[in-house]
Amino acid sequence: MLSPFNLPEGIVLLITDELNSPADFLLHRSFAEHVKSAKGAKNIVLSVSDSIARWKSIALKSNLNLAQYLASGSLEFVDVSSHIQVPTGRSDQPNLHSLFNIIQPLLEKSDHGLALVILDDISTLEWIGFSLLDITRFTRALRAACLQIGATLIIRHHIVTPGEPDDMFRYLLQICTYRLEVQPLSSGRSGTVSGEIALHSGPGTIVDGQKLIPRSLALQYKLTDNGPTFFEKGTSSGVL
Amino acid sequence: MSAFLPTVITTPRRGNPLVVLQSSAAQSSLPILRQILARSSDKSKARCYNILFSFLYLPSSILDDSSSQNIEVHDWLGRIPGYHESTLDTRNEILSAVKQAPVESINVVIDSVDTLLSNVGTTKETYRLLYDLLSIIKSRPNPSRLILHGTQPSKLIPLLTQTAFSPSIAHVIVHPTSLLAYVATEYLTPPPPASPAAKFWSVFLPISERGYDTEQVTFGARGEGSGDASEMVVEIILRGNDGSSKKRTVERVLEGWSSTEGPCPLTKLARLKGSRPSAMSPEAAPDPTKNVSFNLSLTSSQQESRANVPLPYAHEGRALENQPTPGAIFYDPDSADDIDDDDPDEDLDI
């Protein structure tokens, strides 16, 4: 899953990015590869801030017609903001329970091991007012449901304070199997390199054959109209 | 001094009923927990029965072989308040599972006390549950242990490590190797024996307890972005009965753990070798007289001739017979000098 990282299926993948290095391209790449790889694969996109129109326009650049997948049922696009109410702080019920009730039947319809769930993004849920407890319980429930059917869960989290983990990040670190860290270049903006990506394992993960990428050997990428290109440090066409 | 970590990893002993494993965002102690459970399931060594309550981590990430007969796994990852079909009675289910355990020695493991707190709801109820659980374990006829894992910052860990909860404890705190390297380079204080123990702990403890520096070293601009599961620094606080005698002690030590060797001295950790001072035996300085194209050595006859050359010093190394007179300046003024012995500043009134 997700070249060139070649991650296994059925994992919880945490993708962190920063303001100067958004990781949209990784989400769209993983979706495009999954939708093309397995017949009968089920894809569920839980989008908190982006609309279906944006996903459609980006998918067209990979020659993917989302309308076709939506019609066939292999893609379910859930606009999270239309299914939740900003919490007022007075309710005893978990405020994201209604969202989970929409997702669970979609997961139950999937075949074992063929589903991909993308939660984009978890930070916005916190920013619009949901408590850390609400979000962590919702994420635990979503993760448990995905584990039950062998689905892959991808969660995007925005890092606002690089180098200083927030509580949400500390929690997500504990539940992830692997973490892709997308960072801007420390030397500033560049025309030939858009950013760097490191791959770390989660705390409980037994790494068996998976090649991890520490920050010191991070893979660099450049965003083009056709998608991202990946290269080792110092080997981009602008350098050589 | 014998290592303490192997003692913690082996099967339960009388007088040490509680083990608290403390992880952080920068470094996880789950590999050590995995080794404890693997060790207690090993058929060639003294085995004991294990009960694992999984609230946050997959049982497969903690157990090498979950199908082993002496491991009872309660996979409660999906038991989340508000999202579970039935009402959860976590307290009674845990206590009854432990009470029904076989008579032999047991390890009761809770993989995340912080997630247990999130499920139970309040710190008071969770503390009471764990206290009652520890009481049941202490009352068992065969030595048994309660092993709790938590991740700082945690509301429960500071309470569980107090003597009020249990007078005897093995508190295992893991740190990334980069933290020790940071203290050695920025504070010029490598770990003992390279620096005095009192000085090292006075520098290391505030830094490690603060947590901020550990996260900066790992996730900051110069960090690698994650801890290392293959090597870690282990700080062990042992409080309670020494195994061999009835003496109550409190000890704090720093040891190492690697995935290939298990518990090991800090000196065996590859990532710390660069930050330690140079070896005790000084390296031989390079000899400049070697590898030159001409001969710099002397034969014995040449050395004799050299010794017989008189040295051009007046005293030739012998002590002077007469002490020289102290230095003095003798000046003869000529006609152009105007020597006036009067003090020109005499009329100043300062």
**Request:** Please name whichever of B:S166, B:W76, B:S154 sits farthest to the positive end of the charge dipole of region B:5-277, dipole taken about the Cα centre and charges placed at Cβ: Lys and Arg +1, Asp and Glu -1.
**Result:** B:S166
**Complete:** In chain B, lysine pairs 8 or more places apart or on different chains with C-alpha atoms under 28 Å apart total 18
**Complete:** Most exposed to least, judged by fewest other Cβ atoms within 10 Å, B:M232, A:M168 sort to A:M168, B:M232
**Item:** Against the rule of thumb 2.2 N^0.38 Å, how large the Cα Rg of the protein assembly as shown comes out
**Value:** 1.37
**Item:** Computed [θ] at 222 nm, deg cm²/dmol, chain A (DSSP H ≥ 4; -39,500 (n - 2.57); rounded to nearest 500)
**Value:** -9500 deg cm²/dmol
**Prompt:** Taking a ≥ b ≥ c as the square roots of the eigenvalues of the Cα gyration tensor of region A:12-189, is the shape rounded (a/c under 1.5), prolate (a/b larger than b/c) or oblate?
**Reply:** oblate
**Prompt:** What angle, in degrees between 0 and 90 and rounded to the nearest 10, separates the Cα long axis of helix A:97-108 from the longest principal axis of the Cα atoms of chain A?
**Reply:** 70 degrees
**Asked** Taking neighbour Cβ counts within 10 Å as the exposure measure, how do A:C146, A:C176, B:C264 sort from fewest upward?
**Response** B:C264, A:C146, A:C176
**Message:** Between region A:139-188 and region A:38-86, what is the separation of their alpha carbon centroids in Å?
**Reply:** 21 Å
**Prompt:** What size of dipole, in debye to the nearest 20, comes out for the protein assembly as shown about its Cα centre when the only charges are +1 on Lys and Arg C-beta atoms and -1 on Asp and Glu C-beta atoms?
**Reply:** 5060 debye
**Simple Cβ-charge dipole of chain B, Lys/Arg +1 and Asp/Glu -1, about Cα centre, in debye nearest 20** = 4820 debye
**Request:** List the relative contact order of chain B as a percent without decimals, with contacts defined as Cα pairs under 8 Å and 6+ residues apart.
**Result:** 18 percent
**Fill in**
Amide H neighbours of B:C264 at under 5 Å, excluding residues fewer than 5 places away on the same chain, with H built from the backbone geometry, are B:G256, B:W257, B:S258
**Fill in**
So, relative contact order of region A:6-80 in percent, Cα under 8 Å, 6 or more apart, is 31 percent
**Request:** Calculate the length of the line joining the C-alpha centroid of region B:82-135 to that of region B:1-36, in whole Å.
**Result:** 20 Å
**Complete:** Between the Cα axis of helix A:24-37 and the main Cα principal axis of chain A, the angle (0 to 90°, nearest 10) is 80 degrees
**Item:** Pairs of Lys in chain A closer than 28 Å at Cα, counting only those 8 or more apart or on different chains
**Value:** 20
**Prompt:** Most exposed first by the Cβ proxy, i.e. fewest other Cβ within 10 Å, how do A:L119, A:L66, B:L296 rank?
**Reply:** B:L296, A:L66, A:L119
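No value in this document is a laboratory result; all are computed from the given coordinates. All values reported here derive from a predicted model rather than from experimental measurement. All Cβ positions, glycine included, derive from the backbone under ideal geometry; neighbour counts span all protein chains shown.
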